[in-house]
Each structure stands twice: as structure tokens, then as C-alpha cells.
Amino acid sequence: MPLLNHAILGLQFLFLTSLSNAEDVFAHFMVQNSYSYTQADWAADIAAAQAIGIDGFALNTAVDSYEQTKYPDAFAAAEAVDFDLFISFDMTYEWEAADMVSLVKSYATSSSYYQWEGKPLVSTFGGDSDANDFWNTFKTTLANEGISISLAPAFIDYRDPDEAAQMFSNFVAIDGFFNWWSWPADENANLTTDTDLAYKKALSAAGRTGPYIMSVSPWQFKELGDGQDWVEQCDTLWKYRWEQAVHDVEPDIIEILTWNDYGESHYIGDINPVVNLGDLAPLYVNGFDHSGWRIIAEHYITFYKNGSAPITEDRVVYWYRVYPNSITCSQGQLPRNSPFPEDAVFAFTMLTAAAHITLTVGESTTTFLAQEGVGIGSVPFSKTDGQKPEIKIVRNGQTVKSGTGSKAISTTSCDYYNFNPLVGVVE
């Protein structure tokens with residue numbers, strides 16, 4: 001059943017309500033993708049992030065031969081422009097507590113290491129398979145070295161709202177919590193805030209002093225074989241998840257998933273050509289620019305920090321997949337949940353005044369009235385092969401701005417399964 005009416009939107013917001021507090025925004029950065037980075041590459045990513053109001057990167061760090069060797073360039077680039085960084089240990093790798101302590105000690109005193117209420121913030125991906133004693137030893141060892149941290153892990157096995165209080169009871173050593181789950185859980189439905197609200201409430205009830213970190217993400221698709229082939233229902237996620245964050249949950253910190261996890265298709269950073277994407281990811285990543293999603297992020301980041309986000313120019317950010325979900329491709333595996341994403345072009349409107357938006361793909365056309373502020377609409381794929389979507393902003397009978405997608409939609413042939421969208425901008 002469609003999640004979005006193609007003709008009537010009803011999702012327009014001006015966001016005039018003030019927030020009770022405004023905190024910081026980070027983007028999750030996969031250090032594994034910095035193998036060929038120089039300090040200049042770090043500086044370029046940092047500049048692009050700062051340009052939209054991102055305060056820092058959470059450095060997802062695994063156990064390997066090179067990731068920690070990238071830290072000096074990362075911190076040098078960050079320190080030069082007052083950009084924040086904090087360590088996010090990837091606990092799917094076998095970290096030794098002593099090595100974790102050593103890495104934190106090496107960088108906790110940097111002027112760019114992010115402090116939560118005067119304490120260096122440390123996070124994770126995973127780690128709930130380690131007992132509380134592990135985390136207590138980690139923190140105590142650092143404290144004995146004169147470094148008192150705030151630990152806010154992403155314990156990924158904890159998604160059920162009913163387990164929130166029990167998690168804090170099981171892990172008395174943790175100070176805060178990072179809810180990693182920013183996509184629906186293998187269901188053709190929108191993600192709710194049930195997990196966010198439950199764990200935020202439980203954190204407060206447990207008397208912990210660390211931050212509640214809420215994740216936001218634009219997409220989730222992976223096609224790497226060996227069971228790593230899936231897609232989630234993310235058609236309008238990049239809009240409504242941000243609105244959940246700034247309007248409903250109001251977390252202490254928002255963390256964008258991600259800046260550069262290309263393999264899972266939720267990157268909002270530019271595709272850096274020096275990054276080795278392996279053998280399969282390039283087949284669905286190269287040529288699929290997501291930079292337009294940063295325009296949407298900037299809007300909501302501004303609102304999160306200031307309580308308002310005036311729109312000063314008409315723009316439409318649009319995204320679409322280049323193959324229908326029922327197509328048979330010559331390579332790869334049909335991903336899990338493939339029927340969930342709609343075969344449609346989605347258009348996020350940012351308007352200074354009301355205007356009609358016309359979306360056309362071949363013989364398929366939708367026109368809707370978008371109000372001042374932000375909204376979203378869509379048009380189904382045309383059945384005709386090789387059509388590029390066309391987008392128009394029409395006000396008072398005149399086309400104000402228009403644009404055409406850079407890739408045609410192929411409905412008849414496909415070399416490799418690809419549910420990664422192309423993102424474009426009319427501006």
C-alpha cells in the first residue's frame with residue numbers, strides 16, 4: 001500500500017514553534033574509508049560539513065592496521081577550524097580495553113575533542129555483548145589516568161522500547177545512550193519515535209548524566225552478497241525523521257548516519273575518488289550523488305539550533321532510483337524488502353511562497369500545490385523506458401525554476417541490483 005499520496009501532500013510545515021533547547025549535530029564518519037586520505041581530504045570533508053552547520057564527526061574506528069594512523073591528520077584538520085571529533089569504537093571488532101584506553105588518552109586533550117559537560121564523549125557501534133564489567137574497567141582505567149569520560153554507546157541489540165529500563169539496569173557504567181536505529185525494521189511502514197522516547201526517558205529516570213543521541217538517516221541499501229543484500233523503506237525518511245528529531249524527541253545530540261558509509265547508501269558527503277570502495281559497492285555507488293540531501297540537513301540543523309529556519313530561495317531536492325523494484329538484474333541478489341520502496345520520484349520542496357510543483361516522468365505527471373515552507377510529493381515511474389524526471393516550480397502561471405534528472409530510469413534492463421537513489425536539486 002503506498003505510503004504517500006502522489007497528488008495530495010498535506011505534509012507542509014513552517015516550524016514556527018521554538019525549541020526548549022538546541023544542541024549539537026554530528027555526522028558518523030567511517031574511518032575505514034580514509035585509507036588514502038591526506039590532511040587535505042579531511043579538511044575538505046570538514047569544510048563541507050561545517051558549511052551546513054554540522055559541528056563534528058563521530059569517528060567510527062575499527063581494529064586494523066591503519067585507521068588509528070589517520071587520526072593525526074583528522075585532528076590537525078579539525079583543530080585548524082574548531083571542528084569537533086569524538087571516538088566511536090566499532091565493537092563488531094575485537095577491541096581490547098587497554099587499546100581503547102590508549103586511543104582515548106592520546107586525543108582526549110585535543111582542543112577539537114568534543115566534551116559533554118566537561119568530559120570527553122566516547123561512543124560505540126555495538127558493544128552490548130560485552131558485560132558491564134568491561135565498560136566499568138574501561139572507564140575506571142581512564143579515570144585513574146585523570147580522564148573522566150562520558151560514555152554514550154550505541155548498543156544495537158536494544159531497540160525494543162520495553163527493554164529501555166532494563167538496559168540501564170544491566171549497564172550501570174554507561175552515562176548516556178545513542179539510538180542507532182534510524183530506519184524501519186524490515187517493515188513497509190514509517191519509523192516511529194517509540195524507541196527514542198523510551199530510551200530518552202529511561203536515561204533520565206536512571207539518573208545518568210550523559211547525552212541522549214538520536215540518529216537520523218536518509219537511506220539504507222546494501223548489495224554486497226553473502227547475505228548482505230537488503231533495502232529498507234526510506235522513501236520519505238530524510239524528511240520525517242528530521243521532523244521527529246527537532247519537533248518531537250528533541251535529543252541532546254543528533255547524529256547523522258552517515259557522512260561516508262557508501263556501502264549502505266546513506267552517505268551525504270561527496271564520493272571521494274581516492275576511497276577504495278571494493279569490488280561491488282562501486283556498481284551501485286559511483287555516479288549516485290547524494291550532496292543534495294545536505295541542503296535538507298542544513299534546513300533542519302538550522303531549526304534545531306535556532307528554533308526557526310527561514311527559507312530565502314525556492315528549491316526542490318528530489319531523489320529517485322533508476323530501476324523499478326520488480327526488475328530482474330543480470331548480477332547480484334534481489335535485496336530483502338525489495339517491494340517496499342515505491343517506484344516514484346520524490347520531491348522535497350523549500351519555497352518562499354506557495355507554488356505549484358509539476359513532476360513528470362514520461363507520460364506520468366503529478367501537479368500539486370506546495371505551501372510556503374517545506375513539503376514533499378512524488379510521481380510514479382513511467383512505464384516507458386529511458387525517461388528522465390522533470391521538475392518545475394510554477395507560480396502565478398509562470399515557471400520559476402526547473403530541472404531534469406541526470407540519469408534515465410531503465411524499466412527493461414539492469415546490470416546489477418541497485419536501490420541506491422540519485423539525488424538532484426532544482427535551484
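The values are calculated or read from the model by the stated rules, or taken from the named source; none is laboratory data. All of these numbers come straight from a predicted model, not from anything done at the bench. Every residue, glycine among them, receives a Cβ derived from its backbone with ideal geometry; neighbour counts consider all protein chains shown. These area figures cover heavy atoms from the full protein model, side chains too; ligands, DNA and RNA do not enter into them. Shrake-Rupley method; radii C 1.70, N 1.55, O 1.52, S 1.80 Å.
Let me know the whole percent of all Cα-Cα pairs from region 284-342 that are separated by more than 13 Å. Spell out each step's value before the answer.
Details: 1261 of 1711 pairs.
It works out to 74 percent of all Cα pairs.
Accessible area per residue for the chain in Å², computed with a 1.4 Å probe and the full protein assembly in place, what is it?
Numbers: 16530 Å² over 427 residues.
On a per-residue basis, 39 Å².
Can you give me the angle between helix 194-205 and the longest principal axis of the chain, using Cα atoms only, in degrees from 0 to 90, rounded to the nearest 10?
Once rounded, the angle reads 30 degrees.
So what is the relative contact order of the chain, in percent, for Cα pairs below 8 Å that sit 6 or more residues apart?
17 percent
GNM, the chain, Cα, under 10 Å: largest mean-square fluctuation among M91, M100, M350?
Ranking M91, M100, M350 by mean-square fluctuation puts M100 first.
Per 10 Å bin from zero, what fraction in whole % of the C-alpha pairs of the chain is there, up to the bin with the longest pair?
The percentages, shortest bin first, are 4, 21, 31, 26, 13, 4, 0, 0.
Just Q244, Q398, Q220 to compare: in a GNM of the chain, with alpha carbon springs under 10 Å, which one fluctuates most?
Q398
Under Stokes-Einstein, with the Kirkwood radius over Cα pairs standing in for Rh, what whole-number D in µm²/s applies to region 246-348 at 4 °C and 1.567 mPa s? Provide the component values of the computation, followed by the final result.
Values: Rh = 16.4 Å.
Calculated translational D: 79 µm²/s.
Looking only at A198, A297, A27, which one moves most when the chain is put into a Gaussian network model with springs between Cα atoms under 10 Å?
A198
Which percent of the accessible area of region 342-427 is formed by carbon and sulfur heavy atoms (probe 1.4 angstrom)?
Its accessible area is 42 percent carbon and sulfur atoms.
Can you tell me the orientation of helix 39-50 relative to the chain, as the angle in degrees between its alpha-carbon axis and the longest Cα principal axis, to the nearest 10?
It works out to around 70 degrees.
Compute the relative contact order of region 74-164 as a whole-number percentage, counting only Cα pairs closer than 8 Å that sit 6 or more residues apart in sequence.
31 percent
Can you tell me the 0 to 90 degree angle between the C-alpha axis of helix 132-144 and the longest principal axis of the chain, rounded to 10?
That helix lies at roughly 60 degrees to the long axis.
Report, to the nearest whole %, how much of the accessible area of region 55-146 belongs to carbon and sulfur atoms, 1.4 Å probe, protein only.
Details: 1660 of 3860 Å².
The C+S portion of the solvent-accessible surface of region 55-146 is 43 percent.
Under 1.5 on a/c is rounded, so check that first for region 21-73, then, if it is not, pick prolate when a/b is larger than b/c and oblate when it is not; a ≥ b ≥ c are the square roots of the alpha carbon gyration tensor eigenvalues. Before the final figure, lay out each step's value.
Details: a/c = 3.13, a/b = 1.63, b/c = 1.92.
Because a/c hits 1.5 or more and a/b fails to exceed b/c, region 21-73 counts as oblate.
Please work out the C-alpha center-to-center distance from region 226-289 to region 64-117 and express it in whole Å.
Centre-to-centre (Cα) distance: 22 Å.
Accessible area of region 199-254 with a 1.4 Å probe: how many percent of it is carbon plus sulfur?
Carbon with sulfur: 44 percent of the solvent-accessible area.
Below 14 Å Cα-Cα, how many Lys pairs turn up in the chain? Only count pairs eight or more apart in sequence, or on different chains, if you could.
Value for the chain: 5.
Once the Cβ-Cβ distance between N190 and S326 is put in as r, and R0 is 25 Å, what FRET efficiency do you end up with, to the nearest 0.05?
0.65
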